[in-house]
Structures are given as C-alpha cells and as structure tokens.
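What follows is calculated from the coordinates using simple rules that are stated; it is not laboratory data. Quick caveat, the model's predicted, so the values are computed rather than measured. All Cβ positions, even for glycine, are placed from backbone atoms using ideal geometry, and neighbour counts span all protein chains on display.
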Amino acid sequence: MACVIISHMPPRTRPPLDRFVEKFRQDPATGCWIWTAYVDPVVGYGTFLMPRGTTRAHRAAYELFIGAIPAGLTIDHLCRNKVCVNPAHLEAVTQRVNTNRGPGGRQFACVNGHLMTGDNTGGRRDGQRYCKTCHRDKARVKRAEERAARLREP
C-alpha cells in the first residue's frame with residue numbers, strides 16, 4: 001500500500017495588517033520602524049507574505065498603510081534605511097528619482113560645489129563623470145608647477 005503525504009500550509013486567517021504590526025519595533029532616535037522578521041541577507045530588505053505572495057516588507061507597509069503603489073513607481077526610503085517600514089519614511093517615486101537619491105546616485109554638484117550641469121560635466125570611458133571646472137583648475141595648477149620646475153633647472 002502506497003503512503004501518500006499531503007503537505008499544505010493552512011490558509012492565513014489573520015489579516016495582513018495584524019500580522020505586519022507584530023514584525024517591527026520603533027526606533028525612538030530615528031523614527032524608523034525596524035523590521036524584525038526575516039531580512040534577505042543578499043539585498044538587505046525585509047520580506048512579508050501578502051495575500052498575493054511574498055513581497056518586500058517596505059512595499060507591504062506602503063500598501064497596508066497608504067494604498068496601492070502607482071504603476072511605474074517604486075518605493076524610496078527617505079531615511080535611507082533598508083529595514084525601515086515606517087510609511088512616513090516611504091515615498092512612491094520613479095526608479096530614476098530613487099536611484100539619484102541613493103548612494104552612488106547622480107551628483108548634482110562636485111565636491112567643490114560646482115554644479116554638474118551638461119556644460120560643466122565631462123564623461124570618462126569607464127562611465128564616470130567629472131567636473132570640467134575642477135579638471136581645468138587642476139590642469140592649470142599642474143602646468144604652472146611644470147613651468148616653475150623648468151625655470152629652476154640649470
């Protein structure tokens with residue numbers, strides 16, 4: 001006689017919001033709601049089981065507390081904390097805005113404060129951008145040093 005094993009998870013009977021509020025703690029110093037349930041070690045975001053399937057915890061927070069995420073938008077952490085699920089720290093934005101706000105995003109000014117406009121921004125072969133004003137200033141200083149060194153030579 002064959003043995004049949006039936007394995008299934010019981011349906012979630014508790015509403016998602018009730019389950020969600022048990023999975024974070026509030027950080028009084030930052031106002032962040034720190035996700036205390038599973039965090040994906042590869043990407044650093046929390047995960048949560050919604051009725052339609054598993055999703056990122058910050059996306060679930062937005063949907064549960066604010067509403068549906070508009071088509072074509074992604075959720076940005078205004079606090080820059082990947083494990084924060086505080087809806088006040090989340091904003092639906094385009095992927096471009098989200099990328100530009102994040103670390104390694106587009107700089108709008110160089111370290112010396114020059115605006116990185118189209119006229120003042122150069123591009124290297126490796127894709128890196130540089131400030132043309134700073135580049136010209138460095139080249140000017142280097143030429144002056146080389147000139148001074150040639151004058152010192154006997």
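Below are the figures for this structure:
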quantity	calculated
Rg in Å to one decimal, and Dmax rounded to a whole Å, for the stretch 38-79 via C-alpha atoms	10.6, 28
Placed amide H near Ile66: partners under 5 Å, 5+ positions off or other chain	none
Separation in nanometres of the label points that stand 7 Å from Cα toward Cβ, at Ala71 and Asp137	4.8 nm
Gain in span if fully extended, Leu115 to Leu17, counting 0.36 nm per residue against the direct Cα distance	30.8 nm
Quarter of the Cα convex hull surface for the chain, i.e. its orientation-mean projected area (nm²)	19.2 nm²
Reachable aspartates and glutamates, given that their alpha-carbon falls under 14 Å from the alpha-carbon of Lys132 and they are not under 8 places away in the same chain	Asp119
